[in-house]
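Participant: What follows is a structure written as structure tokens; I'll ask about it next.
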Amino acid sequence: MNLLAEIRSRFATALASVDGFTGDTRPIVELVRPSSDAKFGDYQANCAMPLGKQLGKPPREIAASLVEALDVSDWCETPEIAGPGFINLRVKDEQIARLVARAAQSERLGVPQVATPQTVVVDYSSPNVAKPMHVGHIRSTVIGAALAEVLRFLGHRVITDNHIGDWGTQFGMIIYGYKHFVDEVALEKTPVPELTRLYRLVNRLIEYHAAKTTGLPAMEERIAGQTKLVAELGSVPATGDKKVDKKEAKKLHAAENSLRELKADQTSLQNQIAAIDNDPTLGPLAQQHTGIGKAVLQETAKLHEGDPTNRDLWQRILPPCLEEIDATYDRLGVTFDQTLGESFYHDRLAKVVDDLVARGLATESEGAMCVFLEGFDAPMIVRKKDGAFLYSTTDLATIAYRMEEWQPDVILYVVDYRQSLHFEQLFATARMSGFDQVELQHVPFGTVLGEDGKPYKTRSGSAVGLGGLLDEAVDRARAIADGSKLLTTDQERQQVAQRIGIGAIKYADLAHNRTSDYVFSYDKMLAMNGNTAAYMQYSCARVRGIFAKAGVTLEESLSQACEIKLDSTAERALGLALLQFAETLERVAEDYRPNHLTTYLFELASRYSDFFQNCPVVKAESTEIRASRLALCALTVSTLETGLRLLGIESVERM
Ligand code: ARG
């Protein structure tokens, strides 16, 4: 049962009888929320303030008429009006007790199935293969998997699809690298490191030439412009008016600062170039491969056109790359219903462009096919001058395919926020092409930062590889496992270390507000105190320990029908928290934010801690209270473990 939804629906009914109110009840009703502080009751409605504004009446008066019309007497005590017009609701104790008992008996822990299940495609992880996978891909993988699981648990039909980049320019780079620099023996023996080496080498050479031919000249031009500006600002004569002069001085100061920054950037670019020039191996290579940027594009084009050599190479490169990615998924415990990469859509791209042209949506501009969209400075290009299709073309073909195949109500794209513009243009174009019934939703996330505040990198300067990152987390978690007296065998300690280490990385990704950047820190994510996986896993293990002491099983404690008694504050607070699992999952599904669930689980664990400190379980005053408390413990651990499972985090029996 979703208590919050029930109370909100009562408010919606009451709203209808508020004098003068018209319009959408939803935004008003959403102002009914769980209270942030128990002294304001269990739920608090903040509706009277905006209504007061809308209707030009004092909020307290509106609150009074809302309360007058509100019928929640079956669930709540008489509502109270507080302060400027807050309505505070306290759920009846006997209702909490009844609902907790019911949740304990239900397999779904009291979480109702959604009334109208939707079909939801979740596009997540989607790394570019043949490029080393990095820490940013974990975010997409972990957030996407959690959203898919929560939606599924609520009763939606979910299809997960890993839209891997298996057709892009990186293959042109590797093919070029193969044709010029391959070490066949290494490729045979350890294909992925060799492919990575080729990719990195070609990438460096391309960047070198780009910096030299366009980057540096562009920088020089900007510096010249900025130098001129500084000179101009510097020669403005003083007016004698203090305010005006101060403003001018400020302008000059800012201009000088950005000139200094530009010069610093120029120096670092020059250093990068010099590093290659002075390198005994790379220097000569760079001179031999001056046309590498163009040549790589040609290799990609040849692959797409079906050139037999390049197709063969692609066939050879792809499998070891996929194996490597799959190994990472295995470690993370992630699976997909579909893995339809970009290459899958290749044959459909020409038709996408033809359709856009036929609908009058795409027009030619300087040889390229473009979709011009209102509100955007630049068009979305769907075919380049040289005939090549783009990321956007593939994404349009993908939408068409998904609609045809699965008729989804929603498609979620769990992708880095830096691709926001791409998705805005993609969705606008898709809607104009007739896909206007489906909800297309970019679920963006921020960057993972190092302790220095810059995108997380290893010491060698390359973005951190995923494998090493997971290894280190598990290694560090081993120290926690080794410190536990309850784990006796080496095997057991290693298994627990795995779960804590991988769990820590996932939980840290999920617990942060997904739209913000966050700082990656092993110390923080593996802390035993605070909102971390290790703390949650420890909490579960601790609750499980009680059943052994009590000589009953968790399952028995759940299934034995008993009366739930919530006489103390701590018991009542725990009971209420247990009921709020349902509304929490709904909230995650509403705005696609798994951090609502981590926050909830942490809160539930704290409620449990209070309860455990104040209410003896095994040594309870009576058998009835003992049974009730054991049922509370059992429902707590089931809820915590289910919540963690939905987040993709394994729990441990002992630690
Ligand atoms: N391969 C892309 C990248 O790594 C992400 C793809 C996201 N999904 C999509 N349908 N565009 O940047």
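Participant: Mind checking whether some residue in segment 50-58 is under 20 Å from A38 (Cα atoms) and surrounded by fewer than 20 Cβ atoms within 10 Å (Cβ to Cβ)?
Facilitator: no
Participant: Something else now. Please name all residue pairs, on different chains or six or more residues apart, with Cβ atoms under 9 Å, provided the first residue is in segment 188-202 and is farther than 15 Å from L318 by Cα and the second residue is of a type in the set (F, W, Y).
Facilitator: Once the first residue is farther than 15 Å from L318 by Cα and sits in segment 188-202, its partners that are of a type in the set (F, W, Y) give R197/F181; L201/F181; V202/Y176; V202/F181.
Participant: For segment 596-615, check the following and say yes or no: at least one residue is over 36 Å from the mean Cα position of the chain (by Cα), modelled with pLDDT of 95 or more and assigned to a helix (DSSP H, G or I).
Facilitator: yes
Participant: While we're here: Read through the list (1) surrounded by fewer than 20 Cβ atoms within 10 Å (Cβ to Cβ); (2) in contact (Cβ under 8 Å) with a residue 40 or more places away in the chain, then give the number of the only condition that G172 fails.
Facilitator: (1)
Participant: Tally up the residues in segment 147-167 that are buried (at least 21 other Cβ atoms within 10 Å of the Cβ) and either more than 28 Å from the chain's Cα centre (by Cα) or within 16 Å of the ligand (Cβ to nearest atom) (or both), please.
Facilitator: 9
Let's see how each residue does on (1) touching a Ser or Thr at 6+ places or on another chain (Cβ under 7 Å); (2) of a type in the set (F, W, Y); (3) more than 21 Å from G468 (Cα to Cα):
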| residue | (1), (2), (3) |
| --- | --- |
| G306 | no, no, yes |
| T309 | no, no, yes |
| I317 | no, no, yes |
| P320 | no, no, no |
| E324 | no, no, no |
| D330 | no, no, no |
| V334 | yes, no, no |
| G341 | no, no, yes |
| Y345 | yes, yes, yes |
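Participant: Out of all the residues in segment 417-428, is one or more over 22 Å from the mean Cα position of the chain (by Cα) and under 21 Å from V371 (Cα atoms)?
Facilitator: Checked segment 417-428: at least one residue is over 22 Å from the mean Cα position of the chain (by Cα) and under 21 Å from V371 (Cα atoms).
Participant: Take the residues of segment 109-141 that are over 16 Å from the mean Cα position of the chain (by Cα) and within 13 Å of the ligand (Cβ to nearest atom): which is surrounded by the fewest Cβ atoms within 10 Å (Cβ to Cβ)?
Facilitator: Only one residue fits best here, namely N128.
Participant: While we're on this one: So, Q315, is that one more than 16 Å from the ligand (Cβ to nearest atom), open to solvent by 60 Å² or more (accessible area, probe 1.4 Å), closer than 30 Å to A148 by Cα and not charged (D, E, K, R) or not?
Facilitator: When the stated conditions are applied, Q315 does not pass them.
Participant: Moving to a separate point now. Which one is least open to solvent (accessible area, probe 1.4 Å), of the residues in segment 395-428 that are assigned to a helix (DSSP H, G or I) and among the acidic types (D, E)?
Facilitator: For segment 395-428, the residue satisfying everything is D395.
Participant: Report whether or not L576 is more than 23 Å from T639 (Cβ to Cβ) and of a type in the set (A, V, I, L, M, F, W, C).
Facilitator: Spelling it out, it is not the case that L576 is more than 23 Å from T639 (Cβ to Cβ) and of a type in the set (A, V, I, L, M, F, W, C).
Participant: Every residue in segment 405-431 that is among the charged types (D, E, K, R), in contact (Cβ under 8 Å) with a residue 40 or more places away in the chain and away from the ligand (no atom under 12 Å from the Cβ), please.
Facilitator: Scanning segment 405-431 gives D409, E424.
Participant: Considering only segment 347-364, I want to know if a residue exists there that is open to solvent by 80 Å² or more (accessible area, probe 1.4 Å), of a type outside the set (F, W, Y), modelled with pLDDT of 95 or more and over 24 Å from E405 (Cβ atoms).
Facilitator: Checked segment 347-364: at least one residue is open to solvent by 80 Å² or more (accessible area, probe 1.4 Å), of a type outside the set (F, W, Y), modelled with pLDDT of 95 or more and over 24 Å from E405 (Cβ atoms).
Participant: Something else about it: Read through the list (1) assigned to a helix (DSSP H, G or I); (2) away from the ligand (no atom under 14 Å from the Cβ); (3) surrounded by fewer than 18 Cβ atoms within 10 Å (Cβ to Cβ), then give the number of the only condition that F376 fails.
Facilitator: If we test F376 against (1) assigned to a helix (DSSP H, G or I); (2) away from the ligand (no atom under 14 Å from the Cβ); (3) surrounded by fewer than 18 Cβ atoms within 10 Å (Cβ to Cβ), just (1) comes out false.
Participant: Using beta carbons and a limit of 9 Å, which pairs, at least six apart or on different chains, have the first residue in segment 370-399 and touching a residue at least 40 places away in the same chain (Cβ under 8 Å) and the second one among the basic types (K, R) and away from the ligand (no atom under 16 Å from the Cβ)?
Facilitator: Hits for this filter: F389/R383; T393/R383; A397/K351.
Participant: Go through the residues of segment 347-370 one by one and say whether even a single one is within 16 Å of the ligand (Cβ to nearest atom), more than 28 Å from R593 (Cβ to Cβ) and either touching a Gly at 6+ places or on another chain (Cβ under 6 Å) or not basic (K, R) (or both).
Facilitator: Yes, that holds for at least one residue.
Participant: Something else: Of all the strands (runs of 3 or more DSSP E) wholly in segment 59-137, which have at least 3 residues that are closer than 14 Å to I7 by Cβ?
Facilitator: Ranges flagged: 86-89.
Participant: Same structure again: Just a yes or no: is a residue in segment 30-45 in a strand (DSSP E or B), open to solvent by 40 Å² or more (accessible area, probe 1.4 Å) and over 18 Å from T13 (Cα atoms)?
Facilitator: yes
Participant: Another question, if that's okay. On the basis of being within 30 Å of E342 (Cβ to Cβ) and surrounded by 21 or more Cβ atoms within 10 Å (Cβ to Cβ), does V100 make the cut?
Facilitator: no
Participant: Are there any pairs, at least 6 apart or on different chains, whose C-beta atoms fall under 6 Å, with the first in segment 21-44 and among the acidic types (D, E) and the second open to solvent by 30 Å² or more (accessible area, probe 1.4 Å) and assigned to a helix (DSSP H, G or I), and if so, which?
Facilitator: So the pair list comes out empty.
Participant: Also: Listed residues V352, V334, V357; which is assigned to a helix (DSSP H, G or I) and touching a residue at least 40 places away in the same chain (Cβ under 8 Å)?
Facilitator: Going through V352, V334, V357 in turn, just one is assigned to a helix (DSSP H, G or I) and touching a residue at least 40 places away in the same chain (Cβ under 8 Å): V352.
Participant: Do any helices (runs of 4 or more DSSP H) lying entirely in segment 176-248 carry at least 1 residues that are at pLDDT 90 or above, open to solvent by 80 Å² or more (accessible area, probe 1.4 Å) and within 18 Å of K263 (Cα to Cα), and which ones are they?
Facilitator: 216-234
Results for (1) open to solvent by less than 30 Å² (accessible area, probe 1.4 Å); (2) of a type in the set (K, R); (3) part of a helix (DSSP H, G or I); (4) within 16 Å of the ligand (Cβ to nearest atom), shown as yes or no for each residue.
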site: D436; (1), (2), (3), (4): no, no, no, no
site: Q441; (1), (2), (3), (4): no, no, no, yes
site: D471; (1), (2), (3), (4): no, no, yes, no
site: K485; (1), (2), (3), (4): no, yes, no, no
site: T488; (1), (2), (3), (4): no, no, no, no
site: Q495; (1), (2), (3), (4): no, no, yes, no
site: I505; (1), (2), (3), (4): yes, no, yes, no
site: D509; (1), (2), (3), (4): yes, no, yes, no
site: R514; (1), (2), (3), (4): yes, yes, no, yes
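Participant: Within segment 379-404, which residues are more than 12 Å from the ligand (Cβ to nearest atom), modelled with pLDDT of 95 or more and out of contact with any strand residue (DSSP E or B) (no Cβ under 9 Å at 6 or more places or on another chain)?
Facilitator: Passing the criteria: A400, E404.
Participant: Might you check whether a residue that is modelled with pLDDT of 90 or more and at positive phi occurs anywhere in segment 435-448?
Facilitator: No, that holds for no residue.
The values are calculated or read from the model by the stated rules, or taken from the named source; none is laboratory data. Here the structure is a predicted model, which is why all the values come from computation and not from measurement. For neighbour counting, all protein chains shown are included, and Cβ atoms are generated from backbone atoms with ideal geometry for every residue, glycine included. Surface accessibility is based on the protein's heavy atoms, side chains included, excluding ligands, DNA and RNA. Shrake-Rupley method; radii C 1.70, N 1.55, O 1.52, S 1.80 Å.
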